[in-house]
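For reference, the structure is listed below as structure tokens.
The values are calculated or read from the model by the stated rules, or taken from the named source; none is laboratory data. Computed from a prediction, not measured in an experiment: that's the story for all the values here. Cβ placement follows ideal geometry from the backbone for every residue including glycine, while neighbour counts extend to all protein chains displayed. Areas reflect the complete protein model, heavy atoms only, side chains present, ligands, DNA and RNA absent. Shrake-Rupley method; radii C 1.70, N 1.55, O 1.52, S 1.80 Å.
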Amino acid sequence: MRLLIQRVRHASVTIGGELHARIGAGLLVLVGIGCDDADEDLEYLAGKLVRLRIFDDEQGVMNRDVLQAEGDILVVSQFTLLASTRKGNRPSYIRAAPEAVSRPLYERFASRVGELAGRPVATGVFGADMQVELLNDGPVTIWIDSKNRE
């Protein structure tokens, strides 16, 4: 399971010209789910996400997590995070889990993040053609892969 986390001033998801979700300052989290991902990956990344200290403290040092910063969280599924570009110029998505696996894991991930955060988490719509807008703050962008725990 892979997360692309962006600290944002604001972010939103629009579907078919209609606003679906919007957050203020906080985290926009793009989630890619692989064929071999399971609840262990979900738990690891949900915990890592809410404890990730990428918000400034009073001294301007990134030392606060999203909860301490009272930030919002927007979670959006994005299978293209599993793209392989090793051969040729057309990405392969063979490592991305099929919908029967990825949809429930995505939904459980968003729910678990909400539980750990102690408040609702905004989401996109799984499988929808979404337009995601954001204002990256910093910029701060972090990539975490549950299979590569450094």
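What the table below lists for this structure:
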read-out	value
Cα-projected label distance for residue 86 with residue 35, points at 7 Å along beta-carbon direction, nm	1.2
Quotient of Cα Rg and 2.2 N^0.38 Å for the chain, N being how many residues it contains	1.02
Cβ-defined net charge surrounding residue 67, 10 Å radius [Lys, Arg +1; Asp, Glu -1]	+1
D_trans [Stokes-Einstein, Kirkwood Rh over alpha-carbon pairs] for the range 32-119, 25 °C, 0.890 mPa s, µm² s⁻¹	168
Percent of C-alpha pairs per 10 Å bin, the range 87-150, short to long	14, 32, 45, 8, 1
Charge context of residue 34, other residues only, Cβ under 13 angstrom, K/R +1, D/E -1	-2
Angle in degrees between helix 99-117 and the longest Cα principal axis of the chain, rounded to the nearest 10	10
Rounded percent of accessible protein surface that carbon and sulfur make up, the range 44-150, 1.4 Å probe	48
Inter-centroid distance (Cα atoms) of the range 80-94 relative to the range 104-150, Å	21
